[in-house]
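Below: the structure, in structure tokens.
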Amino acid sequence: MSIALTNLRNAAVRARWAPAVATPMTRFLNTSASNNMATPTEGAPTKKEPKMKTFEIYRWSPENPTEKPRLEKYEVDLNSCGPMVLDALIKIKNEQDATLTFRRSCREGICGSCAMNIGGGNTLACISKIDGDLSKPAKIYPLPHMHIVKDLVPDLTHFYKQYKSIEPYLKQTNPPTDGKENLQSIEDRKKLDGLYECILCACCSTSCPSYWWNQEEYLGPAVLMQAYRWMIDSRDQFGPQRREKLQNSMSVYRCHTIMNCSKTCPKGLQPGAAIAKIKYQMALEMFEIPVKRIVTKEDLDEFLQSDAYNEYIEFIIRLNDSVCDLKIDTNMDVSTNVSKILEILDTLIQYVKDIPPTENSKSRFGNPAFRDFYDRVKNNINDLLKPIVPEDAIMEVSRYFIESFGNQRRIDYGTGHEANFMAFLLCLEKLKVITPEDDKAIVLRVFVKYITLMRQLQFEYWLEPAGSHGVWGLDDYHFLPFMFGSSQLKNHKYIRPKSIHDSDTVQEFSKYYMYLACIRFINEVKTSASLRWHSPMLDDISACKTWIKVNQGMVKMYKAEVLGKLPIMQHFMFGSLIKFEGGSPQPEDDDGGDCGHVHPEKSDTYAMGQEYPECCGIPVPSAIAATAGKRSRAIPFD
């Protein structure tokens, strides 16, 4: 009975919805539709030839831990398979081997779940097209150098633990007040482009050899790029603390910019560039652009009691002692890095040849072409120092190097610039570029080459002696070649300090000893008749009986009259490598007047009780050439 009622009800429904009258539309539907239907072709439809592709897939199961991993082959007809590798894996799992294990989720390159090694490269299976070459098998492995859960599933526990360690979220000491948002400008938001898109698939990290061997400590490209993403977020207030956590030898510095990470990233991101920017930011915090800190007498006194002073003078004395009784041409081993320093100086010597002095009738000193030389050095400083200086340290070390050749604006040179070159060498030692084993080569090869370069600069561009009179430059420019040169002659059998007055001795031995080379330079450049006339201090020193006493006196004089004098040391610079936190940091463009320092009373005057004209309170021996009289003076160092 119930079945009958149901049939009647259904019939009533059909009758209710059936059209009562035949309309043009119903006639069309009832006639033309059937008449215009496509008729099947004769015979059965043609069947496509199979396109069988071989897939060799890594297999390993924890259920059989003693069984070695293997590659298992599967044949897939590409005619009945989607275009992506993930399509083939799903087809194999559904139709051939349900035990095949892999991760997958979005199938659109968004989640990063299906990261694996396909054809030798890390990528996402869902966006990796199947190679249409049927003759070559498609080889599929899990991400390399990771523990395997099963088959193509890597264990990402450690990877996510590293990600957690960088605290990937906003950290603020002063969060917005209640009800306020963390506002960000359009420009600051754009800085996050190319970073926030990372899907943590681990393709980049597992392509990195440094991560393969050091993943317990090295964070790897993916995590470091995410760390940088938070460092540069304008809303985050813990950038310095984030970088401080990475300030060790492993967390970030294991990156050697191989750039596998950037090549393999399925999202086209640049983890290597992000790591380089982290290093740069850390360098800005670790290394410092050197600044001047000695402004007052009190600053200088503080410096003379500092570790920076002790490090510098110990370095100078050690170099001085290393060349005792050695000639310039002494045979010695030259390390690779010392050779590279020599190549840098050779490049600068070539710059001098390439930039001839200009016509300059306005002044006896200061040819403007020197400024072109100086600009070329500055513009090429990264390329010049890159072979020897770690990239992160160039910003600091280069300042000393550039300031080693004189002042660009004033076109002058003095013992302060000479000190900058020694500071440059000290920085190289602190960076382990050179070692104490290189001391002899540093003096007899590098420093001699530096003096050769400076002689060319002084002669070609007529650099004015800094301080108007060459403050304690014994030949108006230099001090250290006299110190090192006197060490070379300490125990010479017959050359005595007074031998500097014998032109034949100077001529014959100047190629072996720096002291005599400097005397020869004076004789060739100066036009006055006697050494006593234009270099009275050297004349006085020649009265000493032994070179040992001369050298001892030179060391004392360097401490007192170079490192101990404000007009010179107010231009010395300090950074992270030569560190002095006292004094008063000065702006970089503080040039200090026309002659390298400010004269309270700019004139060549005699201080009370002094027998030499003075410059900023320092008696300047070379200025005696401007006076007509000779004075009786005590022999120096006695």
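The values are calculated or read from the model by the stated rules, or taken from the named source; none is laboratory data. A quick note: this is a predicted structure, and the numbers were derived from the prediction, not measured. Ideal geometry is used to build each Cβ from the backbone, glycine not excepted, and the neighbour counts take in all protein chains shown.
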Problem set entry | Breaking point among (1) surrounded by 14 or more Cβ atoms within 10 Å (Cβ to Cβ); (2) in contact (Cβ under 8 Å) with a residue 60 or more places away in the chain, for Arg371 | (2)
For this session: Might you check whether a residue that is among the hydrophobic types (A, V, I, L, M, F, W, C), surrounded by fewer than 16 Cβ atoms within 10 Å (Cβ to Cβ) and part of a helix (DSSP H, G or I) occurs anywhere in the stretch 318-341?
Result: no
Problem set entry | Lys73 being over 28 Å from Cys198 (Cα atoms), loosely packed, with under 12 Cβ neighbours inside 10 Å, within 46 Å of the chain's Cα centre (by Cα) and at pLDDT 95 or above | no
For this session: Quick one: Thr157 ticks every box in (1) hydroxyl-bearing (Ser, Thr, Tyr); (2) in contact with a helix residue (DSSP H, G or I) (Cβ under 8 Å, 6 or more places away or on another chain); (3) under 30 Å from Gln237 (Cα atoms) except a single one, so which number is it?
Result: (2)
Exercise. Here are Glu108, Glu75, Glu63: which of them is within 18 Å of Pro266 (Cβ to Cβ) and of a type in the set (Asp, Glu)?
Worked result: Glu108
Problem set entry | the stretch 461-489, residues that are at pLDDT 90 or above and either in contact with a Lys or Arg (Cβ under 8 Å, 6 or more places away or on another chain) or of a type in the set (Asp, Glu) (or both) | Gln488
Seminar exercise, completed: Among (1) closer than 24 Å to His571 by Cβ; (2) not in a loop (DSSP other than H, G, I, E, B), Asn367 falls short only on (2)
Problem set entry | Of all residues in the stretch 546-567 being touching an Asp or Glu at 6+ places or on another chain (Cβ under 9 Å) and surrounded by fewer than 21 Cβ atoms within 10 Å (Cβ to Cβ), the one that is nearest to Glu298 (Cα to Cα) | Leu566
Exercise. Does at least one position in the stretch 285-298 carry a residue that is farther than 30 Å from Pro585 by Cα and polar (S, T, N, Q)?
Worked result: no
For this session: Among residues belonging to the stretch 210-253 that are more than 27 Å from Ile186 (Cα to Cα) and charged (D, E, K, R), point out the one that is surrounded by the fewest Cβ atoms within 10 Å (Cβ to Cβ).
Result: Glu216
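Are any residues in the stretch 502-519 assigned to a helix (DSSP H, G or I), surrounded by fewer than 15 Cβ atoms within 10 Å (Cβ to Cβ) and of a type outside the set (S, T, N, Q), and if so, which ones? It would help to see each step written out before you state the result.
The initial filter retains those residues of the stretch 502-519 that are assigned to a helix (DSSP H, G or I), namely 503-509, 514-519.
Okay, now just the ones that are also surrounded by fewer than 15 Cβ atoms within 10 Å (Cβ to Cβ), so 503-504, 507-508.
Result: Asp504, Glu508.
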Seminar exercise, completed: Reported set for the stretch 267-317 where residues are surrounded by fewer than 16 Cβ atoms within 10 Å (Cβ to Cβ), under 22 Å from the mean Cα position of the chain (by Cα) and over 26 Å from Thr257 (Cβ atoms) is none
Problem set entry | In the stretch 290-305, the residues that are out of contact with any strand residue (DSSP E or B) (no Cβ under 9 Å at 6 or more places or on another chain) and either in contact (Cβ under 8 Å) with a residue 60 or more places away in the chain or under 30 Å from Leu192 (Cβ atoms) (or both) | Val295, Thr296, Lys297, Asp299, Leu300, Glu302, Leu304
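With touching a residue at least 60 places away in the same chain (Cβ under 8 Å) and not assigned by TED's automatic domain parsing to the domain that holds Gly268 as the only criterion, which of Leu134, Leu183 stands out? Reasoning before the result, please.
Working: Leu183 fails: touching a residue at least 60 places away in the same chain (Cβ under 8 Å).
Just one listed residue meets the conditions, Leu134.
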For this session: Select from the stretch 138-162 the residues that are surrounded by 18 or more Cβ atoms within 10 Å (Cβ to Cβ) and either within 24 Å of Ser80 (Cα to Cα) or over 38 Å from the mean Cα position of the chain (by Cα) (or both) and list them in ascending order.
Result: Ala138, Ile140, Tyr141, Asp151, Leu152
